[in-house]
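Read through the structure below, which is laid out as structure tokens, and then see the notes.
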Amino acid sequence: MHETPGSPREPAPSTYDIIIVGAGIVGAMVARYLSRYQLKILWIEKEADICMGASAANSAIVHGGYAVEPGTLKAELNVRGNAMWDQLAEELHFSFERCGTYAVAIGSEEQEALRAEEARARANGVPYQLISGEEMRRREPQISPETSGALFCPVGGVCDPWGATIAAGENAVTNGVTLKRSTAFLDFIWEADTNKPPQIAGIVTDRGEFRARWVINAAGLYADEVMHRAGVREEFTITPRRGEYVVLDRNHFQLDNVLFPMPSRISKGILVTTTVHGNTIVGPNAEEVGDREDAAVTTQGLEEIWEGALKLVPNLDRHAIIAVFAGLRPGSNAPTPDPKIDYHKDFVIEIPESIRGLVNLGGIESPGLTAAPAIALRVIELLKQAGEVLYEKPNWNPIRPGRPVFRHLSHAEQAELVRKDSRYGRVICRCEAVTEGEIVAEIHAPVPADTYDAIKRRTWLGTGRCQGAFDMPRVVELLAQELGLNPLEITKRGGPSKLLARRTKMRD
Amino acid sequence: MKEHYDVVVIGSGPGGLAAALAAKRAGADDVLIIERDQELGGILLQCIHNGFGVEIFGEDLPGPSYAQRFINEVHDLGIETLLDAMVLEITRERTIYATSAQTGFSKLQAKAIVLAMGCRERTRAQIRIPGMRPSGVYTAGTAQRWVNVEGYMPGKQIVILGSGDIGMIMARRLTFEGAKVERVLEVMPYLSGLSRNYVQCLLDFDIPLQLRHTVKRIIGRERVEAVEAVAVDEQWIPVPGTEAIIPCDTLLLSVGLIPENELSQQAGVRLDPVTGGPFVDEGYHTNIPGIFAAGNVVHVYDLVDWVTEAGFAAGESAARYAMCGAETARIPPIPTTAGENVRYVVPHLVNPERLSQAEVRLQMRVRQPLEQPVWIQVHDRETLVTRRAARYARPGEMVNVTLRERDYDKVRQSKELRVSIVPH
Amino acid sequence: MPETTDEMICITCPVGCTLQVTHNGETLLHVDGNTCSRGLGYVERELTDPRRMVATTVRVRGGLHPLVPVCTVEPFPKPRIFELLGALRHIEIEAPVKMNQVVLEDALGTGVDVVASRDMPGTGS
């Protein structure tokens, strides 16, 4: 026999009200905001950790909303999402700075494009200020002398996208959401005896079947595959667009602003931007790739972004490069719901009418990070409209407490922390000053960090000048010790990504 | 532990150990070594191969033995050590903030500091190797620590990029421990390490070396599955049609070392963009009064023996500064400059008066290899100050020329000391 | 044995002279390219009894680290290096270890000792 909605029977252990597929920023925000209600929620992720897809490798910008086409879902949710970040960062304790962003016009020929940016800002209701080239050069002395003007958007900012995703996910888990990582969606299970629109009864994963009344598709780069399994939007496709970046050492090159060029037709262009860690990042390019896992960096790509970046900031120094990475954006072909708007790369955020039990999210590329909290609220609205009665938990806790970050403390605070717990006295990553105490805290956190990269995403260890050369053996040792594993079992990113092959001295 | 020291040495590799010993011997009472690892010795402890000490001891020692001799003496002289401790910040006024799981957070004041943090390895990002980012891409030094200290093999089938000494030595080490080293790729047309390491680490074990080759792409999503090697032309541009996929599970990088000067910069120490290390005078004094620097933190050496020698000189200067304060030079120091075929010269300044007490060795790297007899010569404009002959000059090996007491008059009258390396 | 000419690189010092070595099996006939007399001695030995210093690690029980580095005290016959490594793989010594402590005496009957390259204190010390 199978479950029916509202069944008075005590649900079996693998039965949930809602299953969320995908643990990027969208899945994490949906999980977090839904954890407020009296719902039994399962949240699955195919990778070994949360925040390993598009949310892990992007420009880390909280966009103001002037760059998106007016009238689209992207525009609406960008603006609405942007306004939510101060409270979010305060409740979840991740890094976010509303520093403002600049869209910079180089030469008189880009003045027209600047006017178009202004028009969009006005249409989208985004606060902005037009400044002269001279004023722009005063605010950012390293900018191109050819600068002819800029649009300053005071509500734009920079965030730590790893921190935001993980903090939201952790908040969801401490509020009762069940997270299963290394669990891949395979297919839907359907109610057998519904005659009208087919009703989803659950999902099949590589770790077994799970039943639920609702499934939320937050599968990012794989959102099309999930919705096609449900038989909706057969025409919808995700075309992964690869963006490559370089990271510049803050000790070598410093820039205090977020600088966008004038946009091209396919992307916001190659930006040069500060980060919450003080390092400058440069990128991305935009290359459509067939493979959804092909986050490779290429020689041509890196040349392209470097060339592009020099147009904005001519004195960039290649010697300052400490890291290169690539991310994949889940670009789609979805038309804007409003038929008057001719735009075909919009978000999909809907409960399709042809079936029951699916909340369908797709094509959540930029400004998806900014919009994610607003998307979560939209999901809740959609569920309510579909007749779902949501009861708030009396004890829901919106706060995800911050944990000590050694490098953010004053010397006096550092001394105090070390006195309380000596493990904060041992620095494991010298470039980013990450201590053993911080690493151990993450290994035992509500969403435990159990791979090298998981610790990196939570502490920023290994992201500095030596790129992990110094900390890696020590982190492997700590992971093994804290998890009760053999160091040979420790992986970089889960699955077969083991770091070590065998012991040197085998007893033969 | 005290709060005030005469000399604090940061780092306990060969440079730091020598500096501490020299400072103590020169009469500094309170000398402290701060070391981030749980024991003294630095990277020497993982360099278990022999080849150390020929210049200093006239013996061919393994790295740990070379370190042990100095460590024993550090203990014999009663030099204090702060182990398992990371220096977080040093100031221009020589205040040191350090943290340790064993002794907690400390704030120390030093009359003189010797920077001896050594160097770090260049990484994949710095040479921008394209491809995926799977596990199995390590610097040679990280692999060396795993294999020699912790007893783990990073992989079984290995490609090494870079023919630096650590890379070649790791090729042999991994072969000894049962791995298959497929080949060593070197982008330059010549070896970047010593030729004897080529013989005893690669030739002896039939490990192919491909000069003018590099890695075009890393293949594998989770773990390295292969690398694509390619030949390059004089401009390091890949030559189409020369690509070869080499199956392997590990790529080791031995692509250069960079002096580690983030702490130095905090204190306002000025760095030479060519060496990546501080500007120093012949006593290894940086531009910040009371802050000295020795060893690979100044520039990357080829032989540990020379690091030790620099450590001795820096430690002695630091002790003198701690006890007597700054010396006022009667004659302004003379700048050294890199002339023809010379990449850089260390020290950057020479106080002529020092020549009455000691010889000053100018150390440099050559730009282009010269496999023929050469002059290493020091000029002041058109005047020859001194010169010496050498049988060859190679970028992989440091080159020296020594200023002696007999050169005092010429040095004193010089505006600059320009060093060049030219064919005989 | 026919007369052959091989290229060799002398490893006696960092110069690393490239030598043209004409020999008849183990009998050295002529050397070109050496810039000092040590090259000649190197070639003679290389033809008859090539030797290398061998450095590796052995297991240690109760030490600060699981391994202690060891090294031959003098050059060891090159053809038997892997045999030596195999023998050392079976050795496990007890901490504390002192530098120069003999780990394997008269290795494989060659008369060459293998000794510890450093002190290895016990975990308690």
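The values are calculated or read from the model by the stated rules, or taken from the named source; none is laboratory data. Quick caveat, the model's predicted, so the values are computed rather than measured. A quick note on method: Cβ atoms are made from the backbone with ideal geometry, for glycine too, and the neighbour counts reach across all protein chains shown. Just so you know, the surface numbers come from the protein's heavy atoms only, side chains and all, with ligands and any DNA or RNA stripped out. Shrake-Rupley method; radii C 1.70, N 1.55, O 1.52, S 1.80 Å.
Quick look at the numbers
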item	result
Volume per residue that the Cα convex hull of segment B:219-285 spans, once the total is divided by residue count, Å³	164 Å³
For the protein assembly as shown, calculated [θ]222 nm from helices alone, where every DSSP H run of n ≥ 4 adds -39500 (n - 2.57)	-6500 deg cm²/dmol
Relative contact order (percent, whole number), chain C, Cα cutoff 8 Å, 6+ residue spacing	19 percent
Stokes-Einstein D in µm²/s, Kirkwood radius over Cα pairs - segment A:187-337 at 4 °C with 1.567 mPa s viscosity	71 µm²/s
Qualifying GluC sites (Glu not before Pro) for segment A:178-249 [loop in DSSP, other Cβ within 10 Å: at most 15]	A:Glu234, A:Glu235
B:Phe279 accessible area, 1.4 Å probe, all protein chains in place, Å² to nearest 10	50 Å²
Under the Karplus curve 6.51 cos²θ - 1.76 cosθ + 1.60, θ = phi - 60°, whole-Hz ³J(HN,Hα) for segment B:295-310, x wherever Gly or Pro sits	x, 5, 5, 8, 7, 7, 8, 9, 10, 5, 4, 6, 5, 4, 4, 5
Value in Å of the Kirkwood radius, where segment A:360-508 supplies the Cα pairs that are averaged	18.5 Å
Computed accessible area, A:His408, all protein chains, 1.4 angstrom probe, square angstrom	110 Å²
Average Cα contact separation per residue, chain B, under 8 Å, 6 or more apart, as relative contact order %	16 percent
Shielding by partners - mean other protein chain Cβ count within 10 Å, residues of B:51-61	1
Segment A:261-349: proportion of alpha-carbon pairs further apart than 15 angstrom, %	67 percent
Gyration tensor (Cα) of segment B:200-244, equivalent ellipsoid semi-axes in angstrom	20, 19, 8
Relative contact order computed over segment B:193-335 (Cα-Cα under 8 Å; 6+ residues apart), in percent	12 percent
Segment A:406-489 - convex hull of alpha carbons, volume per residue in Å³	89 Å³
Averaged over A:465-476, number of beta-carbon atoms from partner chains that fall within 10 Å	6
Theoretical FRET efficiency, 1/(1+(r/R0)^6), r = Cβ-Cβ of C:Asp106 and B:Tyr190, R0 41 Å, to 0.05	0.50
Separation of the A:Ile399 and A:Glu413 label points, Cα + 7 Å toward Cβ, nm	1.6 nm
Positive dipole terminus of chain B, leading residue within B:Val422, B:Tyr66, B:Pro347 (C-beta point charges)	B:Val422
Principal axis dimensions, the protein assembly as shown - Cα atoms, whole angstrom, descending	97, 69, 62
Projected label distance in nm at A:Glu477 and B:His4, using a 7 Å step from Cα toward the beta-carbon	3.7 nm
Gain upon complete extension [B:Asp60, B:Ala389; 0.36 nm per residue less C-alpha separation]	115.8 nm
Other-chain or far-sequence residues with amide H under 5 Å of A:Thr504's (modelled H)	B:Tyr152, B:Met153
Diffusion coefficient, µm² s⁻¹, Stokes-Einstein with Kirkwood Rh over alpha-carbon pairs of segment C:55-116 at 10 °C and 1.306 mPa s	136 µm²/s
Exposure rank, largest accessible area first [A:Asp338, A:Asp193, A:Asp471; 1.4 Å]	A:Asp193, A:Asp338, A:Asp471
Sites matching trypsin sites (Lys or Arg not before Pro) across segment A:146-219 that sit in DSSP coil, with at most 14 neighbouring C-beta atoms within 10 Å	A:Arg207
A:Thr239, B:Thr308, C:Thr27, reordered so the largest accessible area comes first (probe 1.4 Å)	C:Thr27, A:Thr239, B:Thr308
Rounded to 5, percent antiparallel among DSSP beta bridges of the protein assembly as shown	70 percent
List A:Tyr128, B:Tyr392, A:Tyr245, ordered by accessible area with a 1.4 Å probe, largest first	A:Tyr128, B:Tyr392, A:Tyr245
Most positive-pole-ward Cα, B:Ile160, B:Phe292, B:Val269, against dipole of segment B:150-306 from beta carbon charges	B:Ile160
GluC sites (Glu not before Pro) restricted to segment A:331-377 and DSSP loop, no more than 16 other C-beta within 10 Å	A:Glu353
Table column - 3J(HN,Hα) (Hz), segment C:83-88, Karplus curve with 6.51, -1.76, 1.60, x for Gly and Pro	5, 5, 4, x, 5, 5
Overall form of segment B:123-255 per C-alpha gyration tensor (a/c, 1.5; a/b vs b/c)	oblate
Between 0 and 90°, nearest 10: helix C:38-48 axis offset from chain C longest Cα axis	80 degrees
Accessible surface of chain B, 1.4 Å probe, proportion on carbon and sulfur as whole %	49 percent
Listed residue (B:Thr139, A:Asn124, B:Pro247) projecting farthest to the positive dipole end of the protein assembly as shown, Cβ model	A:Asn124
Probe 1.4 Å - accessible area at B:Lys156, Å² to nearest ten	110 Å²
Inter-label distance, nm, simple model (7 Å from Cα along the C-beta direction), C:Thr123/C:Phe82	3.5 nm
Other-chain or far-sequence residues with amide H under 5 Å of A:Ile216's (modelled H)	A:Ile19, A:Ile20, A:Val21, A:Val359
Interchain or long-range residues, amide H under 5 Å from A:Ile189's placed H	A:Ala201, A:Gly202, A:Ile203, A:Val204
Rounded tilt (10° steps) of B:14-25 against the dominant C-alpha axis of chain B	20 degrees
Per-selection metrics, segment A:114-222 (Cα): Rg and Dmax in Å	24.2, 70
Entries in A:Lys74/A:Lys268; B:Lys2/B:Lys111; A:Lys456/A:Lys492; A:Lys46/A:Lys180; A:Lys498/B:Lys216; A:Lys456/A:Lys498 that, when Cα-Cα distance is taken, lie over 19 Å	A:Lys498/B:Lys216
Folded to 0 to 90 degrees: helix B:165-176 orientation relative to chain B principal axis, Cα	50 degrees
Electrostatic dipole magnitude of chain C [Cβ: Lys, Arg +1; Asp, Glu -1; Cα centre; debye, to 20]	560 debye
Sites B:Ile245 and A:Glu135 - FRET efficiency at Förster radius 45 Å, r taken between beta-carbons, to 0.05	0.25
Size of charge dipole - segment A:396-505 - debye, nearest 20, with Cβ of Lys, Arg +1 and Asp, Glu -1, no other charges	340 debye
Mean projected area in nm² (Cα convex hull; one quarter of hull surface) for chain B	21.0 nm²
nm² value of the averaged projected area, convex hull over the Cα atoms of segment A:54-102	4.0 nm²
Kirkwood-Stokes translational diffusion coefficient of segment C:26-87, alpha-carbon pairs, 25 °C, 0.890 mPa s, µm²/s	173 µm²/s
Peptide-level mean, for A:481-491, of C-beta atoms on other protein chains within 10 Å	1
Net charge dipole size for segment B:1-148 [Lys, Arg +1 and Asp, Glu -1 on Cβ; Debye, nearest 20]	800 debye
Rounded, prolate or oblate (a/c below 1.5 giving rounded, otherwise prolate when a/b exceeds b/c) for chain A by Cα gyration tensor	oblate
